[in-house]
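Everything below concerns the one structure shown next.
The values are calculated or read from the model by the stated rules, or taken from the named source; none is laboratory data. Keep in mind the model is a prediction, meaning the values are calculated, not measured. Neighbour counts are summed over all protein chains in view; Cβ atoms, including those assigned to glycine, are modelled from backbone coordinates with ideal geometry.
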Amino acid sequence: MDIIGNILYDTIYHSAPIILCVIGGIFAYKANVLNIALEGMMLIGAFVSTLTAFMTQNIALGVLLAMLAALAFGVVFSLMGVTFKGNVIIIGLAINLLASAIAKFVLVRMNTSNITLSFMNVADLKLHIPVVENIPLVGSILSGHPLITYISFLGIFFMWVLMYKTRFGIYVRVVGENEDAAKSIGLKTDFYKYAAILIGAVCCGLAGANLSTERLGLFTNDMTAGRGFIAIAAIYCGQGSPTLSAIYAIVFGLARALSVNLSIYAGPAAGLFDVIPYVIMVCVLTVVSVLKHKNNKIRGFKNE
Amino acid sequence: MSIIKTIDLTKKLGDFTANDRINISVEKQEIKCIVGENGAGKSTLMNMLYGLLRPTSGKILLHDKETVINGPMDAIAHGLGMVHQHFKLVPSLTVYENILLGTELKKSSKSPIIDRKKEIDEVTKLIEKYKFELNPTDKIEDISVGGRQRVEILKMLYRNVDILILDEPTAVLTPQEVDELFVNLKELRAQGKTIIVITHKLREVMELSDSVTVIKQGKVVGNVLTKDTSEEELAQMMVGREVVLTVQNTAENKASEEIAYQVENVCTINDYGKEVLQNISFCVHKGEILGVAGVEGNGQSELVKVLTGLMKTTKGKVSIYGKDVTDKWPDELRQNGLGIIPEDRYAQGLCGTMSIADNCIAGYHNAPDVCKFGLLDRKNISSKRDRFIKDFDIRVGDINGNVGQLSGGNAQKIIIAREFESNPKLLIACQPTRGVDIGSIEFIHKQILNFRNKGNAVLLISSELSEVMSLSDRIIVMYKGRIIGELSPKEVSRSEIGLLMAGIQNNKAKGAFL
Amino acid sequence: MKRLDFGKRLVNSILPVLLAFVIGGIVILMIGENPLDTYGILLGKSLFTVKGFLNTLHYASPLILTGLAIAVTFKANIFNMGVEGQLLLGAFFSGIVGTSLPASLNPAAAQLICLAVGVICGVVFALVPAILKAYCHVNEMVVTLMLNYAMIKVLEFLATGVFRDYSSGYVCKPIIKENAMFPRFGNSKLTMFFFIAILIFIAMYVVINKSKLGYEITAIGKNPEFAEATGMKVHKKIMIMMVISGALSGLAGAGYMMSEQFKYTLSFSGNPGLGWDGMLIALLGGHSPVGILVAAIFYSALKTGADHINLYSAVPKEIVSVIQGLIILFLAVKFVDEHTNIRERLFRKKAGKPETAISEEA
């Protein structure tokens, strides 16, 4: 009983940063910009939030600066990719490498291998929802998460509204689907691409802050460990739908929760359980792709 | 009083004068057709009116006032709307969303949320006002091409334009859809709109318009009232000489009994699992050209893809001279004596960003004369390219340049040179003269006939009915993924084929007109 | 025309490098050091002394291979991001074989076996995304990235558990036998491995520039539909490209193991890793083999120079990673191309009308 509760709690816990990346990343996906810099944006968010909190002892400021730092990366990405029409895949990779390099550079300058926030206790950041908390099992699963985790789940609904119920969402999709149509009604297509990328950046910054400062009070380099790419995989599988893509993000959270909780029983093989989430994601991608191409009789490949 | 008028409108694109001192004038509430051959400069003119191109010199007068139009939005603000040949619609959005795109209605002026119900009501009213047939909540990707065109027209009407420009509106429509469009356009005229239609189909001009302007090589060569003219007269003005199709299939039908190409019960499906080819069966004899007619989008593309190895069948059998080649890959098909002139030159036939020489061997790059032990013989490839250029009179600017720099006709000639080089026994030619200048059309038609006269078989797929009719020995007509009739071009009229193209198998049925 | 193109390509490669160095210089200034001195140390010792240059060539060897491994797929618009994982797997198992071979075995045979094991591992691991892409249309980029993470975890598990050398103070695998090591030439670090890399370079030069396969790779990259329609069987070519890519990666890993590291540690490939360096090199070299050779040597000079920075100045050598990221970032943008330059692109919107909409008649 306990273990199931733990797994479910951890599922929510581990899903949160990926959900944030996903619901931010879908806008760029819908605007037809392949943003593989989610990983780097998340990492820089994680780094800046912890660094700021470490220096100012102000967590809120840390989260804010994390979003701004990610936003700055987003601006670089859009400037190079949209305005200068560079190759977005290469730009994305560069940003991922750059985020890691900057963090490493600063860590070495600080003469440390990781930043630990000793002034605070992460348990204090966990919010307990008054009524829900007391419901058996459900309470222990749904309650007791940090703020950004709640934001991420509420964000799914918010982004759904933004995507399907507002002009902005429609225009982003128009820009992605038929740029000519967008131009014919006078839309500034670059503006919507910028906006789509920047929304993703801010969400990634938030995800990074959640990952490092809020959940662990700790930053180690490359701690994002491919979550940005998992988010991309989830977006692909969910084809940019906020709800569907978020579900794939939760699948990863579940895989991660399983690997964490089951590894206790695995003894020396525990290390291998870390592989599960990645392998599951590859399997999910494969299944989705096979289903999608089930009826495909056309031979060959398209340039993506 | 003319509602729109141009004075000495000129557009130069580099050294090329696309429009040379054009003077036209359109009266209020008339349907004006602007006709001319491909490349005559019609689209350039319309793009200037619509603000997509800036005139090099000359003036545009709207309501007798000189107006500078700075782009499509500005044009619409001046009451001028355009329906392009390629629709500017978003497939995953609904009809009403597309019509209101850019002018969405919100719940209240402060709310960011879009009011779906109000939008649907608004569009329903619009559809009823102009008596169009559309369901506002259908998605664009689910409706017919004709429906999409109606959405485009409504999109303009919703923005209160009183002048509507349509660029080649009938190119992608079935004959019934053309009829419906004409009814719609006439209704719009009755309601006070002015309509300009760009076309090169003279039948449609005669049926639809009030007056006609003929453009040839960037100049206005005629301005007439429709009731005072005839199709023949317009055609003469357009081409500047008596129009007879220069190449005619005059040879007696020498087709032998021997079957060169046999297609039996071929079926295939699209991504959504819908059957887009249903039991296609036909054969081509040696020394015969079999034409495939039909309105575009009735399965011809898929048929060509299946027959050229780009798409798999779900059922059926294809054989070349008795050898089963069902679902073989393109290279295996070529080895079995098939030459391919593909539908979309720059998608399947050529690679625009590769050199002419590289394109001259594509598809035959395994041949022993260009490839030895896996290495390419550059010298042989260059000499092959030079021979093609000489034998097929291909005009190239830079012999080491990319194929993308060539004109449509010259690019097509590279494909033809390449495919004929290996002496195929069977040719599949799809839209062989699309976007090709008149001189090259003649050349290509002659090449195809010569090929047939040597005792080879040809499958010709074209949406230009006159091309199919003048070249083919036999014609099959495709409709909704099926073959719905076979006829001999010498024994039937255009309108009879037209009925079949519209899916009407009963010869007495009325209504379809091409 | 040709010369102009070459000049433009050169500008497109050199300008990003200069820009990155300028920004890196600003960072160095900000931490209170002299950028010119730092860059002097960075490049001076590694390029302008004989021993330093030979060492640079030594470290360039795996980079040439990973650069080629990336280029052969990227040129076809297939994004094999798994070079790093393929390299690590190849290195790991060539190391295992290297430790367990009998010490009496002929060195040439031992070395050949180790290299072969590396190649095989690289190929096998590259086949997974290759098959998924070729036969199931699964996006190869995401898959290879995922599998990289998975592979790193697996190797971590193997290195910390099954194959751990407990006599060592930190996590590593035992050292390979001496007969599996490439002997050094003179007092530099240069070994046979460099010449193997050069041989592979020549072979790949022929493949990419002269062969039918190279022609097909180019065509697939430029227009996959055209490639398919002209009978190139793109799915099979994807398999071949991925196999080549995996083989080169595995070879790079095995060679690096046998010429430099001699044992597998958790930081075997360094940071950001030889596979990622290969990506920079492929981009810097414009996916052309000669360009890759030059870029690999240049980048290797940076890397060896970075160690000197640590020794002779107060700047952390991680500045090189920052510069590397910046180079890739700027490489993504073509500063000049055949038709436009960056200025035109910036101001086109204001100056001209959307001429793209010109009718097809022109």
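A compact table of results
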{"read-out": "Residue among C:A126, C:A91, C:A76, C:A103 that is of a type in the set (G, A, S), touching a Gly at 6+ places or on another chain (Cβ under 9 Å) and part of a loop (DSSP other than H, G, I, E, B)", "value": "C:A76"}
{"read-out": "Residue that is nearest to B:I415 (Cα to Cα), among those in segment B:301-327 that are facing chain C (nearest Cβ under 10 Å) and outside any helix (DSSP H, G or I)", "value": "B:T308"}
{"read-out": "Helices (runs of 4 or more DSSP H) wholly inside segment A:92-198 that include at least 3 residues being more than 14 Å from every other protein chain (Cβ to nearest Cβ)", "value": "A:138-142, A:147-165"}
{"read-out": "From B:E133, B:E104, B:E177, residue being within 14 Å of chain A (Cβ to nearest Cβ), of a type in the set (D, E, K, R) and in contact (Cβ under 8 Å) with a residue 12 or more places away in the chain", "value": "B:E104"}
{"read-out": "Within segment B:472-495, tally of residues that are at pLDDT 75 or above and over 25 Å from B:A457 (Cβ atoms)", "value": "2"}
{"read-out": "Considering residues of segment C:35-69 that are of a type in the set (F, W, Y) and in contact with a helix residue (DSSP H, G or I) (Cβ under 8 Å, 6 or more places away or on another chain) only, the residue farthest from C:A282 (Cα to Cα)", "value": "C:Y39"}
{"read-out": "Selection within segment C:33-81 - surrounded by 24 or more Cβ atoms within 10 Å (Cβ to Cβ), closer than 25 Å to C:N209 by Cβ and of a type outside the set (A, V, I, L, M, F, W, C)", "value": "C:S61, C:P62, C:T66, C:G67, C:T73, C:N80"}
{"read-out": "Index of the failed condition, A:P146 passing every other in (1) under 30 Å from C:K317 (Cα atoms); (2) touching a residue at least 60 places away in the same chain (Cβ under 8 Å)", "value": "(1)"}
{"read-out": "Test: residue in segment C:164-172 that is touching a residue at least 12 places away in the same chain (Cβ under 8 Å), within 27 Å of C:N55 (Cα to Cα), charged (D, E, K, R) and not in a helix (DSSP H, G or I)", "value": "no"}
{"read-out": "Residues that are among the hydrophobic types (A, V, I, L, M, F, W, C), surrounded by 24 or more Cβ atoms within 10 Å (Cβ to Cβ) and farther than 19 Å from A:V275 by Cβ, drawn from segment A:212-231", "value": "A:F219"}
{"read-out": "Near pairs, Cβ below 7 angstrom, 6+ apart or cross-chain, from segment B:262-287 (within 14 Å of chain A (Cβ to nearest Cβ) and more than 15 Å from B:M478 (Cα to Cα)) to any residue that is assigned to a strand (DSSP E or B) and of a type in the set (D, E, K, R)", "value": "B:I269/B:E275"}
{"read-out": "Complete set of residues in segment C:190-205 that are farther than 11 Å from C:S288 by Cα and either among the charged types (D, E, K, R) or in a helix (DSSP H, G or I) (or both)", "value": "C:M192, C:F193, C:F194, C:F195, C:I196, C:A197, C:I198, C:L199, C:I200, C:I202, C:A203"}
{"read-out": "Hey, C:K133 touching a residue at least 12 places away in the same chain (Cβ under 8 Å), crowded, with 22+ Cβ neighbours inside 10 Å and facing another protein chain (nearest Cβ under 9 Å) or not", "value": "yes"}
{"read-out": "Helices (runs of 4 or more DSSP H) lying entirely in segment A:213-304 (those with 1 or more residues that are within 13 Å of chain C (Cβ to nearest Cβ) and closer than 30 Å to C:K75 by Cβ)", "value": "A:227-238, A:275-292"}
{"read-out": "Which numbered condition B:L157 fails, given (1) touching a strand residue (DSSP E or B) at 6+ places or on another chain (Cβ under 6 Å); (2) at pLDDT 90 or above", "value": "(1)"}
{"read-out": "Residue match in segment B:409-430 (condition: within 14 Å of chain C (Cβ to nearest Cβ), touching a residue at least 60 places away in the same chain (Cβ under 8 Å) and surrounded by fewer than 19 Cβ atoms within 10 Å (Cβ to Cβ))", "value": "yes"}
{"read-out": "Segment B:367-392, residues that are under 29 Å from B:K305 (Cα atoms) and either small (G, A, S) or facing another protein chain (nearest Cβ under 7 Å) (or both)", "value": "B:A367, B:C371, B:G374, B:L376"}
{"read-out": "Per-region count, segment B:413-451, residues among the polar types (S, T, N, Q) and at positive phi", "value": "2"}
{"read-out": "Residue under evaluation B:A347, criteria (1) within 14 Å of chain C (Cβ to nearest Cβ); (2) among the aliphatic types (A, V, I, L, M); (3) in contact (Cβ under 8 Å) with a residue 12 or more places away in the chain, criterion not met", "value": "(3)"}
{"read-out": "Lone unmet requirement of (1) surrounded by 22 or more Cβ atoms within 10 Å (Cβ to Cβ); (2) under 30 Å from C:T304 (Cα atoms); (3) within 14 Å of chain B (Cβ to nearest Cβ); (4) not β-branched (V, I, T) for C:L190", "value": "(3)"}
